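A.B. asks: Got a structure for you, written out below as structure tokens; questions coming shortly.
Read-outs throughout are calculated quantities, based only on the coordinates presented, and are distinct from any laboratory measurement. Note that the structure is a prediction, hence the values are computed from the model and not measured. Here the Cβ is made from the backbone with ideal geometry for all residues, glycine too, and neighbour counts use every protein chain on show.
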């Protein structure tokens with residue numbers, strides 16, 4: 001692909017550079033993981049300043065389309081998972097809506113005693129066992145999220161269900177309708193367990209998405225912890241200002 005800008009165009013150079021980069025990262029070699037040309041080479045080839053090309057690259061970084069690592073370079077991250085705060089779905093439904101093929105790397109079901117936090121959320125005794133589901137999921141080539149879900153015993157899940165199906169469809173089979181989700185998003189370094197699951201170095205940045213799910217009567221039914229690779233998840237908040 002030829003890299004060039006039209007310096008006589010009324011379109012600002014940084015906009016042209018951004019458009020060029022968006023086209024460049026769709027090329028098979030770069031989509032496959034090849035490093036993009038470095039800033040110095042790009043600036044020289046396009047006859048623009050490093051500040052201008054850096055501005056364009058930063059735009060793509062902010063959207064999660066490329067990642068940049070000091071001493072290594074810039075490369076395509078692939079299509080990031082995106083979630084809107086006012087339109088939550090199960091993970092399977094989110095990925096299907098975005099046309100992202102998903103592979104299940106691990107699936108573990110067990111019955112455990114709840115921690116104090118989980119018992120308080122479910123309003124149950126710590127002696128009462130609850131169903132725990134662990135799933136490592138991602139694109140066909142690599143995992144990018146490790147989920148741990150805990151379910152209220154009231155739902156009636158046995159652990160024998162087909163958990164490859166969308167989770168909230170399974171709940172609907174038990175006459176339980178997920179109606180309300182409250183979420184917390186935080187950043188942290190990956191501990192040894194999470195780093196091993198997501199195939200990153202311990203201490204690497206990850207995002208923890210904690211989801212509290214309620215039924216139509218606003219009774220708690222699920223507590224879900226999602227550990228995401230930081231460059232694979234974009235959380236979009238949409239708000240509207242009401243007129244007064």
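A.B. asks: Calculate I(q)/I(0) for the stretch 13-76 by the Debye formula, one identical point scatterer on each C-alpha and no solvent, and give its log10 at q = 0.22, 0.24 Å⁻¹ to two decimals.
C.D. replies: Each listed q corresponds, in turn, to -0.88, -1.06.
A.B. asks: Calculate, for residue 121 and residue 26, the FRET efficiency according to 1/(1 + (r/R0)^6) with r their C-beta to C-beta distance and R0 41 Å; round to the nearest 0.05.
C.D. replies: Result of the calculation: an efficiency of 0.40.
A.B. asks: If you don't mind, another one. Using a 7 Å offset from Cα along Cα-Cβ at residue 4, what residues in the stretch 31-49 end up with backbone N under 19 Å from the label point?
C.D. replies: Counting backbone N atoms under 19 Å from the label point, the list is 41-49.
A.B. asks: When the distances between all Cα atoms of the stretch 91-204 are binned every 10 Å from zero, what whole-number percent does each bin get?
C.D. replies: All Cα pairs considered, the percentages come to 11, 37, 39, 12, 0.
A.B. asks: Arrange the following residues from fewest to most other Cβ atoms within 10 Å of their Cβ: 169, 201, 215.
C.D. replies: 201, 169, 215
A.B. asks: Along the Cα-to-Cβ line of residue 188, 7 Å from the Cα, sits a label point; which residues in the stretch 99-130 have backbone N less than 16 Å from it?
C.D. replies: In the stretch 99-130, the label zone of residue 188 (backbone N under 16 Å from the point 7 Å along Cα→Cβ) covers 115-118.
A.B. asks: Next question, about the same structure. Arrange 211, 50 by Cβ neighbour counts within 10 Å, fewest through most, would you?
C.D. replies: Ascending Cβ contact count within 10 Å gives the list 50, 211.
A.B. asks: Based on other C-beta atoms within 10 Å, arrange 228, 168 from fewest to most.
C.D. replies: 168, 228
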